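For reference, the structure discussed in these notes is given below.
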Amino acid sequence: MQYLKKVRCAVLIETVLFSAVGILWGLQIVKGGVGARQEQAVEMEVFAEKEYIKWVDFNVSYEALCEAYKWDVESWKEAAESKDCVHVNWIELLAYIGARHGGEFPSKAIAEITKTAKKLMQKECTMAELTEDMEYYAYYLEAYQAVLGGYVGEYEIQNTTEDGNVNWEKHYGLKAFSPVAKGFEYSDYDDFGASRSYGYARPHLGHDMMGMVGTPI
């Protein structure tokens, strides 16, 4: 009996303590203490989600890619020879057109790329001036850089002369061709743009490449 009385007493004490903690917790919520801090953390998390690009449709046409790339390479060569010319970045060109047309690249986009590239090269304006009032330019620029960044730039080619000397020649242009390491076999299937129906209807915006486990990528 004495043991049962002790157990009942302990349970009663724990109940009183839990009740007291509950009351204090409620008072803190009313006063804007703990509850306010939790609400603020949720707002910050929501704000962070708005700043983070979770998804983007990459609808840049092949023709637009080629046109922007051409002006990037040509302007680099001219800028290296003359201070009167400005080097044009192809990703910035594409982001500018994408922002103007909501991510789409209609047939007139090619002419717009050409016109814009010439203005930039001849210092008639800057990209900052062209995109000053564009709300979503930064969005497209970040997204397109994630897709195309690192594909175009300076690189060097090693050459061996007839007398056996080795020299390096600097070049500029497309420097990324395949993500698979040289010498490793793989198979691929050109299904870029093919329709997909599972989940929801959408185009396949990728190129499938199948290699052995352990292939350096």
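The values are calculated or read from the model by the stated rules, or taken from the named source; none is laboratory data. The shown structure was predicted, so the numbers you read here are calculated from the model rather than taken from an experiment. Cβ atoms come from the backbone with ideal geometry, glycine included; neighbour counts cover every protein chain shown. Side chains are part of the model used for accessible areas, which takes the heavy atoms of the whole protein and leaves out ligands, DNA and RNA. Shrake-Rupley method; radii C 1.70, N 1.55, O 1.52, S 1.80 Å.
Restricted to segment 165-217, the set of strands (runs of 3 or more DSSP E) holding at least 3 residues that are open to solvent by 60 Å² or more (accessible area, probe 1.4 Å) comprises 166-174, 186-189. Would you mind stating whether V56 is touching a helix residue (DSSP H, G or I) at 6+ places or on another chain (Cβ under 8 Å), touching a residue at least 40 places away in the same chain (Cβ under 8 Å) and either assigned to a loop (DSSP other than H, G, I, E, B) or open to solvent by 70 Å² or more (accessible area, probe 1.4 Å) (or both)? In short, yes. Contact map, segment 169-180: first residue free of Cβ contacts under 8 Å to residues at least 24 places away in the same chain and of a type in the set (K, R), second residue loosely packed, with under 13 Cβ neighbours inside 10 Å and part of a strand (DSSP E or B), Cβ cut-off under 8 Å, separation 6 or more or different chains; pairs are K170/E154; K170/E156.
In this structure, is C66 free of Cβ contacts under 8 Å to residues at least 40 places away in the same chain, under 30 Å from K170 (Cβ atoms) and part of a helix (DSSP H, G or I)? Full working, then the answer.
On the way: free of Cβ contacts under 8 Å to residues at least 40 places away in the same chain: yes; under 30 Å from K170 (Cβ atoms): yes; part of a helix (DSSP H, G or I): yes.
Here the answer is yes, as C66 does meet what is asked.
I110 fulfils the conditions (1) touching an Asp or Glu at 6+ places or on another chain (Cβ under 6 Å); (2) exposed (fewer than 12 other Cβ atoms within 10 Å of the Cβ) except for a single criterion, (2). Exactly one residue among E142, E129, E154 is more than 20 Å from E63 (Cα to Cα), modelled with pLDDT of 95 or more and either assigned to a loop (DSSP other than H, G, I, E, B) or open to solvent by 60 Å² or more (accessible area, probe 1.4 Å) (or both), and that residue is E129. Residue count for segment 61-103, restricted to those that are in contact with a Cys (Cβ under 8 Å, 6 or more places away or on another chain) and either open to solvent by 50 Å² or more (accessible area, probe 1.4 Å) or at pLDDT below 95 (or both): 2.
Restricting the search to segment 80-117, which residues are assigned to a helix (DSSP H, G or I) and free of Cβ contacts under 8 Å to residues at least 24 places away in the same chain? Step through it out loud before you land on a result.
Step one: filter segment 80-117 for residues assigned to a helix (DSSP H, G or I), giving 80-81, 90-100, 109-117.
Passing the criteria: A80, E81, A111, E112, K115, T116.
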